[in-house]
1. Exactly one condition in (1) surrounded by fewer than 16 Cβ atoms within 10 Å (Cβ to Cβ); (2) in a loop (DSSP other than H, G, I, E, B); (3) at pLDDT below 85 is not met by residue 94; state its number.
2. Does residue 205 meet the test of being surrounded by fewer than 20 Cβ atoms within 10 Å (Cβ to Cβ), modelled with pLDDT of 90 or more, touching a strand residue (DSSP E or B) at 6+ places or on another chain (Cβ under 9 Å) and within 25 Å of residue 139 (Cβ to Cβ)?
3. Restricting attention to the stretch 128-152, and to residues there that are surrounded by fewer than 24 Cβ atoms within 10 Å (Cβ to Cβ) and not in a loop (DSSP other than H, G, I, E, B), which single residue is nearest to the chain's Cα centre (by Cα)?
4. Which residues, taken from the stretch 246-265, are surrounded by 18 or more Cβ atoms within 10 Å (Cβ to Cβ), out of contact with any helix residue (DSSP H, G or I) (no Cβ under 6 Å at 6 or more places or on another chain) and either at positive phi or modelled with pLDDT of 95 or more (or both)?
5. Any chance you could count how many residues in the stretch 201-218 are touching a residue at least 24 places away in the same chain (Cβ under 8 Å) and more than 18 Å from residue 133 (Cα to Cα)?
6. Taking the conditions exactly as written (within 22 Å of the chain's Cα centre (by Cα), modelled with pLDDT under 95 and exposed (fewer than 14 other Cβ atoms within 10 Å of the Cβ)), does residue 297 satisfy them or not?
7. Need the failing condition index for residue 118 against (1) more than 12 Å from the chain's Cα centre (by Cα); (2) crowded, with 19+ Cβ neighbours inside 10 Å; (3) at negative phi; (4) touching a residue at least 60 places away in the same chain (Cβ under 8 Å), just the number.
8. Only one of these conditions is not met by residue 200: (1) modelled with pLDDT of 95 or more; (2) assigned to a strand (DSSP E or B); (3) over 26 Å from residue 153 (Cα atoms). Which number is it?
């Protein structure tokens, strides 16, 4: 579900990688979990790193894969990748995650059991980060419970060979672990064990706004619901810019990252591109131009300033 999605810094060479037989090289979240004895291989094409749809949707629906053009990318040339730090050790992760100590810390076996062994029937979607599975945990704890009981959650797994990496993972935990607002998706907790990195979110029954607007066969949303969603998303942005303890620049505002609860309340998700905003005497922040084609503000693309 926008609980969101893909590599934040796409290297041009990624789109030219091929298999020896001339076919496109495939990557996906299933392979690493397969090595853990968790799930099967289901890979998305590397060529979609620039053209693929990014919505990893946390809802009860058919598994979602990206297929069109709203992939977050560096909007200027780049020679670095975003997942270079993904081989860091658990102690280093723990040190960097001290800011998120109020979150629930899950064991890998907890989440494996909560998602029924990451079985395909639990798959909600996948993106550049990895796969998202539906699971059930204790209301106020970390132990798995019987499906249909306790707290329903969305468990996002990191594919260490995917398009999103250590930097984005930490950004997601840092921001969503410390920002609380009705129009931001709630991060319940995380798991760090060896190479396993997972995030646990509240489950969003109605998925992403993107699905409602563009998925084939979707019924048109009434205008009253559309306005409710627009207002909720705007309130989420206003909180980040003006009300949060430290201003936050979201940098990835799009329909696939606007998730909907059972009552169509909008919640912003996927904070891998987020950056601290200007504070004190500063009026602007200069950043590397990143975002999604078609969604990034033209003036930001031109100047790199917020």
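The values are calculated or read from the model by the stated rules, or taken from the named source; none is laboratory data. Predicted model, so just to flag it, every value in this text is computed and none were measured. Glycine also receives a Cβ, built like all others from the backbone with ideal geometry; neighbour counts cover every protein chain displayed.
1. (2)
2. Taking the combined requirement at face value, the residue satisfies it.
3. 134
4. 251, 259, 260
5. Going through the stretch 201-218 one residue at a time, the tally reaches 5.
6. Yes; evaluated as a whole, the condition is true for this residue.
7. Only one criterion is unmet by residue 118, namely (3).
8. All conditions pass for residue 200, except number (3).
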